[in-house]
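A short reminder: the numbers here are calculations on the coordinates, not readings from a lab. Small disclaimer: the values here were computed from a predicted structure and weren't measured. Neighbour counts are summed over all protein chains in view; Cβ atoms, including those assigned to glycine, are modelled from backbone coordinates with ideal geometry.
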Number of protein chains: 2
Amino acid sequence: MARMKIFAISGSLRAASHNTALLHAAARVAPANIVIELYRDLGKLPPFNPDLEEDDPPAVARLREKLIEADAVLIASPEYAHGVSGVLKNALDWMVSSEAFVNKPVALLNASPRAVHAQAALKETLTVMSALVIEKSSITLPILGSGLSEELIVANFEISIALTEALRVLHAEVQRLVGKVGV
Amino acid sequence: MARMKIFAISGSLRAASHNTALLHAAARVAPANIVIELYRDLGKLPPFNPDLEEDDPPAVARLREKLIEADAVLIASPEYAHGVSGVLKNALDWMVSSEAFVNKPVALLNASPRAVHAQAALKETLTVMSALVIEKSSITLPILGSGLSEELIVANFEISIALTEALRVLHAEVQRLVGKVGV
């Protein structure tokens, strides 16, 4: 695999979201053999309704395609009231009945050391959806409360090094898994 | 308290939802001193965005008012991929910054004995939002997989007795708590 395509999803719709900033920063500090595309339509997904699955709403179909064509997925979600953000879980609910996450390597970036519930719940949900959560690339970084913007994350030596390393490991794991699972 | 007002929320938008059927059945077998109103606008809530909280979208304001004026809240949610449904969590996310759930007695009906993750996550989230989760009224009933409709739930002796008893206990607990917390 020359270049690895990563599809990145922020679980927050806030314009100044720390999680979105973290993913933007990840795209900038990524090794040269990784391309990161950020999902921008989380807020356009309809509320999940099993009755509408046969209709395959356009925004749902596009998300599924993006996930399927990606070599790996990077997720950064805020924790709201000790849970995964509803908007992110809504997106995952739409994907449950498809193959979008099956055998898909996923790394979970956590922007807050205190947010242990959402990270654990996301891992549980993605695992039951047959995703391959890559532990070594699922790191926690002290972004929330630090006031770090995308620029400051990139400029922060320790954080940007940790991000780059998580992505390097993800690339290696994807190559290993692609061989292993025969995708 | 002569009549207790319960606001009921189903976590599923599916027309034939077992959870919605369970709440309809609860309304029918409730003791005479309880009135249950079912929330019908879960699918009309916008995706949660902290940037829009100041605008107070109309559907969000109406939900908050309904919760505040209720003596207690009854929630029945499906479990999707070992998690709370995104649409229900989205509604809770909108309420986090308000007083809607503070000291509010809440009972969680679980329509599936196998759905342990969503029930636990809901309890965690509501507790951190300062709701009073009433354990004795938060019962699990074997609805999912049984094919029981609203009519059949009402007609099922064991289930309807369990529902009525859960609501009777909820009424008693609310009266006790209202005295205790001085609402």
Can you list which of the GluC sites (Glu not before Pro) found in the range A:1-68 are DSSP loop residues with at most 14 other C-beta atoms within 10 Å? A:Glu54
Any idea how far the Cα center of the range B:115-156 sits from the one of the range B:1-53, in Å? 12 Å
Within the protein assembly as shown, percent of DSSP bridges classed antiparallel, to nearest 5: 10 percent
Among B:Val73, B:Gly86, B:Leu152, which residue has its Cα positioned farthest towards the positive end of the charge dipole of chain B, with +1 placed on the Cβ of Lys and Arg, -1 on the Cβ of Asp and Glu, and the dipole taken about the Cα centre? B:Leu152
The range A:80-128: trypsin sites (Lys or Arg not before Pro) in DSSP coil with no more than 16 other Cβ atoms inside 10 Å: A:Arg114
Taking the Cα-to-Cβ direction at A:Glu135 and at A:Thr164 and moving 7 Å from each Cα, how far apart do the two end points lie in nm? 2.7 nm
quick note, chain B, DSSP beta bridge pairs, % antiparallel (nearest 5) is 10 percent
Students often get this wrong, so check it: of A:Lys66/A:Lys104; A:Lys44/B:Lys66; A:Lys44/B:Lys44; B:Lys44/B:Lys66, which have C-alpha atoms separated by over 18 Å? A:Lys44/B:Lys66
With each label point set 7 Å from Cα along the Cα-Cβ vector, what nm distance links B:Gln175 and B:Val116? 3.6 nm
Fully extended, how many nm does the chain gain between A:Val128 and A:Ala155 (0.36 nm per residue separation, minus their Cα-Cα distance)? 6.1 nm
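Beyond 35 Å, what percent of the Cα pairs of the protein assembly as shown remain?
Within the protein assembly as shown, distances greater than 35 Å cover 28 percent of Cα pairs.
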When only DSSP loop residues count, what GluC sites (Glu not before Pro) in the range A:66-168 have their Cβ near at most 16 other Cβ atoms within 10 Å? A:Glu99
Taking only Cα atoms of chain A, the Rg to Rh ratio with Kirkwood Rh works out at 0.94
